[in-house]
There are 2 protein chains.
Amino acid sequence: MVRAGSASRPTGRSEDTRRALVDAAVEVLRREGFSAATARAIATRAGCNQGLVFYHFGSVVNLLLAALDEVSDQRRQRYEEALVGVQRPSQLVDLAARVFREDLDTGDAALLVEMIAGATSTPGLGEQVKARVEPWTQFATAALHQVVGASPLAAVVEPAEIAHAVVALYLGLELLSHLDGDRAAALALFDRARHLAALADLITGSTAGPQDEEET
Amino acid sequence: MVRAGSASRPTGRSEDTRRALVDAAVEVLRREGFSAATARAIATRAGCNQGLVFYHFGSVVNLLLAALDEVSDQRRQRYEEALVGVQRPSQLVDLAARVFREDLDTGDAALLVEMIAGATSTPGLGEQVKARVEPWTQFATAALHQVVGASPLAAVVEPAEIAHAVVALYLGLELLSHLDGDRAAALALFDRARHLAALADLITGSTAGPQDEEET
DNA sequence: GTCTATACTTGGATAGAC
DNA sequence: GTCTATCCAAGTATAGAC
């Protein structure tokens, strides 16, 4: 915790190396997937010796988890900022579409998928990844609550259930898009969803406007 | 081409080895995932020498593709048989739920996901896997056509689009179920879908449709 | 404390035995 | 034609240099 030496610079002697490795791990996971994410491949991309992976992170999987944390944190922050002020279903769909397209393009979605699928091959990794996916489903649940609120929709919609489906759809669409090398099909779905959301807007909007919130 | 020797039995001296390897590859992919599916791991499980992978299949990925073909073919056959006679939306949802649960339990869904995700790591594999996923989306599209038919639903439903979403959802739910070690959340979704499908039944049924037949 | 050189294990592929 | 013994590259991990 103590940052001795250079006062203003948080950039330490070894902190650079750690960061370089994490960034490289992110890139390799995004582009070449889990089973190509070896200590050698990552270190080469980071421009440093392969042994440093073990010195700084103890093992390859630990480094991969650090990479997952890195992108997860960034993304969650973006998401939460974007969620502020969203109240109507169609707004939420727009947000989801934007965010999903970004994740598709940056490769963040691919990274997550690779880690989940890769977890099958490494004992113990599943638990770790699971803990990092859950905040996500939580976020989606909260977003749905925020939008459905106390409207009549609340009677027919179970946020946690929809959230699970939405996250699954997100992951599945990434798999297919990646395979096709084409995100068009995925994006077309969001257009369709927007039309449906417009209907939902009428329901949430008819009883009350941007109004009070109650929770069950 | 000519199967000399034993006339009626296609079971040759080497055919046994091939089959043992394919079966072992299926098992390893299902249980330990793509990056653990090495020539050695598979051969060990098949109880034969590791070099046979290369003699019979040329490379590890070729063997993995043979494994994918094996389960894909079996599954497609089962699906098509089950689709016969399905006419109402709720019947289709029931079929989907049953089939999905089976694939979840046998690990067939896991195998497919592993191959798709793993394809990122191996140049050229993506194309091969894609060709094996497409029949699937085709099947889902055909099933939707069969159910929507010429009913009023046809005006608002685009089978190819829904099919894409359904396949994506299938893959995503597998990822999450596997991670959670719990398929309950996925199955709950199908219950929900059944209720929605019951509404759709009314729409398709209003023009034409038999009303008996009760299935669990 | 940071990093490199080295040890050892596992994996892909083939030359050659049967 | 079928399979095994062997080779080399790639992977993880650490002992020890700086």
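Values in this text are rule-based calculations from the coordinates and carry no lab data. No experiment lies behind these values; they were computed from the predicted model shown. Here Cβ is always computed from backbone atoms with ideal geometry, including for glycine, and neighbour counts include all displayed protein chains.
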Original post:
So what J values fall out for the range A:102-108 if you push phi through Karplus, 6.51 cos²θ - 1.76 cosθ + 1.60 with θ = phi - 60°, rounded to Hz, Gly and Pro as x?
Top reply: 4, 5, 5, 6, 6, x, 4
Original post:
Can you give the Kirkwood hydrodynamic radius for the range B:7-102, in Å, rounded to one decimal and based on Cα pairs?
Top reply: 15.1 Å
Original post:
How far is B:ARG78 from itself in the other copies, in nm, if each label sits 7 Å out from Cα along the Cα-Cβ line, shortest first?
Top reply: 3.9
**OP:** Mind giving me the nanometre distance, one decimal, between the label points for B:LEU202 and B:ARG31, set 7 Å out from Cα along Cα→Cβ?
**Re:** 4.9 nm
**OP:** Could you give me the radius of gyration and the Dmax of the protein assembly as shown, taking only the C-alpha atoms into account and expressing both in angstrom?
**Re:** 24.3, 84
**OP:** Over all directions, average the projected area of the Cα convex hull of the range A:58-159 and note it in nm².
**Re:** 7.3 nm²
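Restricting to DSSP H runs of at least four residues, report the calculated mean residue ellipticity at 222 nm for chain B, -39500 (n - 2.57) per run over all residues, nearest 500 deg cm²/dmol. Mind showing how you got there, number by number?
Numbers: 9 runs with 155 residues, N = 216.
It lands at -24000 deg cm²/dmol.
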Original post:
Net charge near A:LYS130, counting Lys/Arg +1 and Asp/Glu -1 over other residues with Cβ under 11 Å of its Cβ?
Top reply: -3
Original post:
Which whole-Hz ³J(HN,Hα) couplings does the range B:47-56 yield from phi under the Karplus relation 6.51 cos²θ - 1.76 cosθ + 1.60, θ = phi - 60°, glycine and proline marked x?
Top reply: x, 9, 5, 4, x, 5, 4, 7, 5, 7
Original post:
Relative to the longest principal Cα axis of chain B, at what angle does helix B:159-180 sit, 0 to 90 degrees, rounded to 10?
Top reply: 60 degrees
Original post:
In sequence order, what are the phi-derived ³J(HN,Hα) couplings for the range B:119-131 according to the Karplus relation 6.51 cos²θ - 1.76 cosθ + 1.60 with θ = phi - 60°, rounded to whole Hz, with x for glycine and proline?
Top reply: 4, 4, 8, 10, x, x, 5, x, 4, 4, 5, 4, 4
Original post:
Quick one: helix A:60-83 against the long Cα principal axis of chain A, what's the angle to the nearest 10°, folded into 0 to 90?
Top reply: 30 degrees
Original post:
What percent do you get for the relative contact order of chain A when only Cα pairs under 8 Å and 6+ apart count?
Top reply: 21 percent
**OP:** Calculate, for B:ASP105 and B:ASN62, the FRET efficiency according to 1/(1 + (r/R0)^6) with r their C-beta to C-beta distance and R0 35 Å; round to the nearest 0.05.
**Re:** 0.80
